[in-house]
Structure formats: C-alpha cells, structure tokens
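For reference, the structure I am asking about is given below.
The values are calculated or read from the model by the stated rules, or taken from the named source; none is laboratory data. Bear in mind the structure is a predicted one, so any value in this text is a computation, not a measurement. Virtual Cβ from ideal backbone geometry, glycine too; neighbours counted across all protein chains shown.
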Amino acid sequence: MVLAVAVAAWWFLVGRPPAPGYAELTAAPWAEIVSVQTKDGKTLNVKGETPVRLELPPGEYVIELKKDQAVGKVNVVVKSGEITQGKYAFPEVNVNAMVDELVSKY
C-alpha cells in the first residue's frame, strides 16, 4: 500500500508532462500561419489564420506568417499555463507615395 501511494505521488509530482501554454498571435492586417518550429528545428503541424490562439507545449518557437507574397517571423516563448502574445505588422504598400514618386519622374 505504501509503495502504491509513493508511486502515485511520484507520478503526480514528477511523471506528468507539463501543462500546455498558449501563443496568441495577431498580425496587421492579418496572416496565414505557414509553419511553427521548435527551438531545435522540429516543425509542428499547425495551420490557421490570425488572430489565433495556439495551444502548445512549453518551449521556444519560431512562427512563420504569410500575407500575399510577404513573409514574417515571430519568436515566442510559451510557458505552462500562460498566454504569450506574438505580434507582427506587415509593411503595407503606400499607393499614394508610389503614384507621387512615379508622377514626379515625368
């Protein structure tokens, strides 16, 4: 009986995997998740569009985002039971500035 209690206590305190955490991603104006990689380079099978909250094991991640042809990366550190914010702003094309530049050349 004592052995069973000791094993159960050990499993409860040490043997369980850590609780997941969350990476809450936003991108301006929006983005598609292309890949989620761990610090050691393992790619996780995670897809979606921002804004999104991903449930992930604790660890460091590089999340690649794509909007049209633009690509960006967000680094996040996920901690057990916590929500980590990841934000990325894609550079927007300023159409008015492009037109002004083109017109000024002629």
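Yes/no per residue for (1) under 11 Å from the mean Cα position of the chain (by Cα); (2) hydroxyl-bearing (Ser, Thr, Tyr):
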| residue | (1), (2) |
| --- | --- |
| Pro18 | no, no |
| Glu24 | yes, no |
| Pro29 | no, no |
| Pro51 | yes, no |
| Pro58 | no, no |
| Lys73 | yes, no |
| Ser80 | no, yes |
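Looking at segment 25-34, is at least one residue more than 19 Å from Glu92 (Cα to Cα) and without any contact (Cβ under 8 Å) to a residue 60 or more places away in the chain?
Among the residues of segment 25-34, at least one is more than 19 Å from Glu92 (Cα to Cα) and without any contact (Cβ under 8 Å) to a residue 60 or more places away in the chain, which makes the answer yes.
I need a count of the residues in segment 44-80 that are surrounded by fewer than 12 Cβ atoms within 10 Å (Cβ to Cβ), more than 15 Å from Ala27 (Cα to Cα) and at pLDDT below 95.
Of the residues in segment 44-80, 1 are surrounded by fewer than 12 Cβ atoms within 10 Å (Cβ to Cβ), more than 15 Å from Ala27 (Cα to Cα) and at pLDDT below 95.
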